[in-house]
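> Input: one structure, supplied below.
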Amino acid sequence: IMIISSRYFKPDEGYKLKRGVDPRYRLFLFTAATVGDSAFIMPVENLDEVGHRVFPTRDFLVYVDGHGKTFDQVLERGFELTGRFGINMILFDWPTDYLALRKTAYNADEVAGNFVRIMNRVEAWHVTYYPDVSVSAIFHSMGNRILKSVTASKKLLELMPKDLFSNLIINAAAVRQGNHEKWLEKLSIQQRIYVTINRDDRTLQGAKILRMAHQLGLG
């Protein structure tokens, strides 16, 4: 799997990880694999280094996780989804491991530009190496705040690649339900868009209470 992280890594200190978004808004690229019960991860300089390391006939999934996840937990989720569905996984990792939802929401706004920038690089990489397989994206829970932040900026939305995503899945969205159509209708970066709804989602029910607003993933 591939990991694209906006966390604050210190490459000169053995990739020591500090809290928060990288202060210079750098992105760090990694590849990871499992052998038995062991996981191995390796930093790479650019996407071209991963050019022929993934399965050439598998579709790609860009996955953006939600609130409260450490880097290790995001990595574990990536391995789980790859094994379950037989896909090539691209994880967009961002710092969400806080108790306060407000801090995660702020970080989502901070990394929206990073997401747009790296998706343009992913599109060029995909066209070069894997033009015959599709790319879909899932934004999970508060990961949808990044997508919403992209639509809030006319410049960012215009810079997003228009032909990269076959499917755009807004899953268990922990964003306000009110006026959601105003930003959803701006999206023209996908062939198909899906919004999943679960009125019994306990996590979203909790977010509804904490944020004093109905959440899109509830209805």
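The values are calculated or read from the model by the stated rules, or taken from the named source; none is laboratory data. Here the structure is a predicted model, which is why all the values come from computation and not from measurement. Here the Cβ positions follow ideal geometry from the backbone for every residue, glycine too, while neighbour counts run over all protein chains shown. Each accessible area value is taken on the protein alone, full model and side chains, heavy atoms only, with ligands, DNA and RNA left out. Shrake-Rupley method; radii C 1.70, N 1.55, O 1.52, S 1.80 Å.
> For Leu204, are the conditions met, namely being part of a helix (DSSP H, G or I), open to solvent by 70 Å² or more (accessible area, probe 1.4 Å) and at pLDDT below 95?
No.
> Inside the stretch 207-219, can you point out the residues that are assigned to a loop (DSSP other than H, G, I, E, B) and free of Cβ contacts under 8 Å to residues at least 12 places away in the same chain? Spell out the reasoning first.
Step one: list which residues in the stretch 207-219 are assigned to a loop (DSSP other than H, G, I, E, B), which gives 212-214, 219.
Passing the criteria: only Met212.
> Right, next: Starting from residues that are assigned to a helix (DSSP H, G or I) and open to solvent by 10 Å² or more (accessible area, probe 1.4 Å), keep the ones in the stretch 48-66 and report whichever is nearest to Gly14 (Cα to Cα).
Looking only at the stretch 48-66, we keep the residues that are assigned to a helix (DSSP H, G or I), and these are 48-50.
Narrowing the set further to residues that are open to solvent by 10 Å² or more (accessible area, probe 1.4 Å) leaves 48-49.
Numbers: Asp48: 22, Glu49: 20 Å.
Restricting to residues being assigned to a helix (DSSP H, G or I) and open to solvent by 10 Å² or more (accessible area, probe 1.4 Å), the top hit is Glu49.
> Identify the residue in the stretch 76-96 that is more than 12 Å from Gly143 (Cα to Cα) and touching a residue at least 40 places away in the same chain (Cβ under 8 Å) and, among all such residues, is most open to solvent (accessible area, probe 1.4 Å). Please lay out each step first, then the result.
The first filter runs over the stretch 76-96 and keeps only residues more than 12 Å from Gly143 (Cα to Cα), leaving 76-90.
Next, only the ones that are touching a residue at least 40 places away in the same chain (Cβ under 8 Å) stay: 78-79, 82, 88-90.
Numbers: Gly78: 0, Phe79: 49, Thr82: 28, Asn88: 8, Met89: 5, Ile90: 3 Å².
Residue satisfying both the conditions and the ranking: Phe79.
> I would also like to ask the following. Name the residues in the stretch 184-195 that are open to solvent by less than 50 Å² (accessible area, probe 1.4 Å) and either within 22 Å of Thr96 (Cβ to Cβ) or part of a helix (DSSP H, G or I) (or both), would you?
Leu184
> How many of the residues in the stretch 38-57 are in contact with a Ser or Thr (Cβ under 8 Å, 6 or more places away or on another chain) and among the β-branched types (Val, Ile, Thr)?
Looking only at that region, the number is 3.
> Turning to a different aspect of this structure: Please enumerate the residues belonging to the stretch 67-103 that are farther than 30 Å from Asp132 by Cα, within 14 Å of the chain's Cα centre (by Cα) and not in a loop (DSSP other than H, G, I, E, B).
The answer is Phe71, Gln73.
> Go through (1) open to solvent by less than 30 Å² (accessible area, probe 1.4 Å); (2) in contact with an Asp or Glu (Cβ under 8 Å, 6 or more places away or on another chain) for Lys69 and report which single condition fails.
In the conditions (1) open to solvent by less than 30 Å² (accessible area, probe 1.4 Å); (2) in contact with an Asp or Glu (Cβ under 8 Å, 6 or more places away or on another chain), Lys69 misses (1) alone.
> Among the numbered conditions (1) modelled with pLDDT of 95 or more; (2) under 15 Å from Ile4 (Cα atoms), tell me where Glu49 comes up short.
Of (1) modelled with pLDDT of 95 or more; (2) under 15 Å from Ile4 (Cα atoms), only one is false for Glu49: (1).
> Here's a follow-up. Consider Leu157 against the criteria (1) under 15 Å from Tyr63 (Cα atoms); (2) open to solvent by less than 70 Å² (accessible area, probe 1.4 Å); (3) of a type outside the set (Asp, Glu): it satisfies all of them except one. Which criterion is unmet?
The one condition Leu157 does not meet is (1).
> Failed condition for Leu218, given (1) closer than 21 Å to Tyr63 by Cβ; (2) open to solvent by less than 30 Å² (accessible area, probe 1.4 Å), with all others met?
Condition (1) is where Leu218 drops out.
> Then there's this: Counting only residues that are open to solvent by 50 Å² or more (accessible area, probe 1.4 Å), assigned to a strand (DSSP E or B) and either touching a residue at least 60 places away in the same chain (Cβ under 8 Å) or farther than 16 Å from Glu76 by Cβ (or both), how many does the stretch 21-44 have?
Selection size over the stretch 21-44: 2.
> Moving on to the next point. Restricting the first residue to the stretch 128-145 and requiring it to be part of a loop (DSSP other than H, G, I, E, B), which pairs with a second residue that is open to solvent by 40 Å² or more (accessible area, probe 1.4 Å) meet a Cβ separation below 8 Å and a spacing of at least six or different chains?
Tyr130/Pro56; Val133/Pro56; Val133/Thr57; Val133/Arg58; Val133/Asp59; Ser134/Asp59
> So, one more: Residues of the stretch 160-183 being open to solvent by 20 Å² or more (accessible area, probe 1.4 Å) and either small (Gly, Ala, Ser) or assigned to a strand (DSSP E or B) (or both), which ones?
We begin by selecting, within the stretch 160-183, every residue open to solvent by 20 Å² or more (accessible area, probe 1.4 Å); these are 162-163, 167, 169, 171, 176-182.
Within the stretch 160-183, Asn167, Ile169, Asn171, Arg176, Gly178 qualify.
> Right, something else. Go through Arg121, Arg117, Arg145 for me and flag whichever is touching a Leu at 6+ places or on another chain (Cβ under 7 Å) and open to solvent by 60 Å² or more (accessible area, probe 1.4 Å).
Of Arg121, Arg117, Arg145, the one residue that is touching a Leu at 6+ places or on another chain (Cβ under 7 Å) and open to solvent by 60 Å² or more (accessible area, probe 1.4 Å) is Arg121.
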